[in-house]
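A.B. asks: Structure below; questions to follow.
The numbers here are math on the coordinates, done by the rules we state, and not lab data. Note that the structure is a prediction, hence the values are computed from the model and not measured. We place every Cβ from the backbone using ideal geometry, glycine too, and count neighbours over all the protein chains shown.
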Amino acid sequence: MSVRSPRRLLIAGAAGFIGSNFVRLLRTTRPDVEITVLDKLTYAGNLANLAEFEGQPGYRFVQGDICDEKVVRSLAKEVDGIVNFAAETHVDRSLMDPFNFIETDVRGTAVLCEAAREFRHEVFLLVSTDEVYGEVMEGRSKEDDPFRPRSPYSASKAGGEHIAHAYAASFGLPLLVTRGSNTYGPYQYPEKLIPVLLTNAIDDLRLPLYGEGRAVRDYVYVEDHCRAIDLVLHEAPLSGGAYNIGTGRESSGRQVADAVLDILGKPHSLIEYVVDRPGHDYRYAVDVTRVTQLGWEPVVDFRDGLLKTADWYREHEEWWRPLKSGEYWEYYKKNYKPKI
Ligand code: NAD
Ligand code: DAU
């Protein structure tokens, strides 16, 4: 018996990477839940990620912006809860154009909170990030640690979280927050480290590493991340607040690149050290005691997850090749040109 079982969910941003994997999990494990996806379909949103659900009973897709109060209210009045994945998510892009991030990640979150308050939702789950704690060179961040974001992306995510916490304190918003670590797996847009490395290596292109590949991250497989969000959504007490999600295992950029090249049988000479990301956070690490106490543990080991992911990208070139064209190369040149 779950703590709560919202029957009708509005899932924002589910045409992206983690959100689409979350819908896949929910359709499999909770087929009776009615799902409305709201997604703006930015460059990172892709209807192909959700194609298998189109036409299924209990599923519908609406193209729209979480900043659009009219659209959000019209959908929010028909559901029992909101799960928000919608965000601008790439740190490098936030260094080029911070305002999109502030608009969606802060204001958009506020619009969703307001609608959840108005329609007295049972639950509001905000998908946040371990980046809100900022760089952590020693130890592990706990959920009650202060926020010290250092990029426009992480500052915008922290801003959205602050708004949501303010709604919980001021208006009793039934808020739950997850703060996931770096996530990888199928359907990830090829701008984040792992899909950049995999798709570049498949094409014998250079593998760009910032800061000589010394920065470390905790890479969690997307299915593990989604199971944790599902568990928090259904089992966490509302007093639970925020939940860190991660594996506790750290990998440097160089280790990830070496593993990718070994898996694909490509030469390590493809690795190219490029000029560092400005304000690069060299380490994130989270304490996951709280989510572990709810009953979650990651089951996919990094090596197995990377193998599965490499296989997926090798077998789904029709998914990622069209993404690596036009706007993508404009972005790529702008981001890496001064560096390579
Ligand atoms: P993504 O970039 O793959 O997808 C984001 C989705 O949000 C896209 O479908 C996009 O179209 C949609 N979107 C953007 N702006 C919107 C708007 N104004 N209105 C409606 N939809 C909009 O992102 P992801 O990697 O799947 O991340 C999902 C969430 O998880 C984000 O909130 C992110 O901050 C968080 N997160 C990501 C990671 C990671 O490593 N990828 C780790 C921890 C937390
Ligand atoms: O920690 C969670 C966060 O992880 C999420 O909230 C973000 O949405 C997600 O983008 C991710 O942020 P990072 O900046 O950590 O991810 P990214 O894949 O961009 O970079 C991972 C590491 O690899 C980081 O140290 C920078 C480095 N890097 C990245 C790219 C794209 C490179 O060395 N070369 C690259 O080309």
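A.B. asks: Indicate the gyration tensor shape class of region 239-340 (rounded, prolate or oblate), computed on the Cα atoms with a ≥ b ≥ c the square roots of the eigenvalues: a/c under 1.5 is rounded; otherwise a/b larger than b/c is prolate and the rest oblate. All intermediate terms of the calculation are to be shown ahead of the outcome.
C.D. replies: Working: a/c = 1.83, a/b = 1.52, b/c = 1.20.
Prolate, because a/c is 1.5 or more and a/b exceeds b/c.
A.B. asks: Run the numbers for Arg283 and Glu315: contour at 0.36 nm per residue of separation, minus the present Cα-Cα distance, in nm. Before the final figure, lay out each step's value.
C.D. replies: On the way: separation 32, 0.36 × 32 = 11.52 nm, distance 3.20 nm.
Stretched out fully, the Arg283 to Glu315 stretch lengthens by 8.3 nm.
A.B. asks: Just round it to a whole percent: the fraction of Cα-Cα distances in region 147-194 exceeding 17 Å.
C.D. replies: Numbers: 584 of 1128 pairs.
Roughly 52 percent, rounded to a whole number.
A.B. asks: Which of Pro57, Ser2, Val79 sits farthest toward the positive end of the charge dipole of the chain, with +1 on the Cβ of Lys and Arg and -1 on the Cβ of Asp and Glu?
C.D. replies: Going by the Cα projections, it comes out as Val79.
A.B. asks: What is the gain in length, in nm to one decimal, between Asp276 and Val62 on full extension, counting 0.36 nm per residue of separation less the C-alpha to C-alpha distance? Present the calculation step by step, with values, prior to reporting the outcome.
C.D. replies: Working: separation 214, 0.36 × 214 = 77.04 nm, distance 3.88 nm.
Residue separation times 0.36 nm, minus the Cα-Cα distance, leaves 73.2 nm.
A.B. asks: Magnitude of the Cβ-charge dipole of the chain, K/R +1 and D/E -1, about the Cα centre, nearest 20 debye?
C.D. replies: Numbers: 41 positive and 51 negative charges, 50 e Å.
Approximately 240 debye in magnitude.
A.B. asks: Taking only C-alpha pairs under 8 Å that are 6+ residues apart, what is the relative contact order of the chain in percent? Could the numbers behind the result be given before it?
C.D. replies: On the way: 642 pairs, mean separation 60.6, N = 340.
Across the chain, relative contact order equals 18 percent.
A.B. asks: Would you mind classifying region 243-301 by shape? Square roots of the alpha carbon gyration tensor eigenvalues, ordered a ≥ b ≥ c; an a/c under 1.5 is rounded, otherwise it is prolate if a/b is larger than b/c and oblate if not.
C.D. replies: Details: a/c = 5.12, a/b = 1.68, b/c = 3.04.
The shape class here is oblate.
A.B. asks: Any idea what angle helix 253-264 forms with the longest principal axis of the chain, computed on alpha-carbon atoms, 0 to 90 degrees, nearest 10?
C.D. replies: Result, in degrees: 80.
A.B. asks: With angles folded into 0 to 90 degrees, how steeply does helix 109-118 sit against the dominant principal axis of the chain? Use alpha carbons for both and round to 10.
C.D. replies: Here the helix axis deviates by roughly 20 degrees.
A.B. asks: A further question on this structure: Over 26 Å between Cα atoms, which of Lys70/Lys333; Lys70/Lys157; Lys40/Lys324 qualify?
C.D. replies: Correct reply: Lys70/Lys333.
A.B. asks: Can you give the helix-only mean residue ellipticity at 222 nm for the chain, where every DSSP H stretch with n ≥ 4 adds -39500 (n - 2.57) and the sum goes over all residues, rounded to the nearest 500 deg cm²/dmol?
C.D. replies: Working: 13 runs with 131 residues, N = 340.
Computed mean residue ellipticity for the chain: -11500 deg cm²/dmol.
A.B. asks: Sticking with this structure for a sec: Taking 0.36 nm per residue of sequence separation and subtracting the Cα-Cα distance, how much length would be gained by fully extending the chain between Glu330 and Leu307, in nm to one decimal?
C.D. replies: Values: separation 23, 0.36 × 23 = 8.28 nm, distance 2.96 nm.
The Glu330-Leu307 span can extend by a further 5.3 nm.
A.B. asks: Same structure again: Would you mind computing, in nm to one decimal, how far apart the modelled labels at Gln293 and Leu264 are, each placed 7 Å from Cα along Cα→Cβ?
C.D. replies: It is 4.3 nm.
A.B. asks: Go through region 54-115 and name the trypsin sites (Lys or Arg not before Pro) that are in a DSSP coil and have 15 or fewer other Cβ atoms within 10 Å of their Cβ. Walk me through the numbers on the way to the answer.
C.D. replies: Values: sites: Arg60, Lys70, Arg73, Lys77, Arg93, Arg107; in loops: Lys77.
Those that pass, being in a loop and sparsely packed, are Lys77.
A.B. asks: Say the dipole of region 150-268 comes from +1 at the beta carbon of Lys and Arg and -1 at that of Asp and Glu; which of Tyr167, His225, Leu264 then lies farthest toward its positive end?
C.D. replies: Tyr167
A.B. asks: Across region 2-18, in residue order, what do the Karplus-derived ³J(HN,Hα) couplings come to in whole Hz, using 6.51 cos²θ - 1.76 cosθ + 1.60 with θ = phi - 60° and x for Gly and Pro?
C.D. replies: Here the 3J(HN,Hα) series is 7, 5, 8, 9, x, 7, 10, 10, 9, 10, 8, x, 7, 8, x, 5, 6 Hz.
A.B. asks: So if R0 is 41 Å, what FRET efficiency would Glu118 and Lys337 give, r being the distance between their Cβ atoms, rounded to the nearest 0.05? Could the numbers behind the result be given before it?
C.D. replies: Numbers: r = 47 Å, r/R0 = 1.14.
Step by step, r from the Cβ atoms, then E = 0.30.
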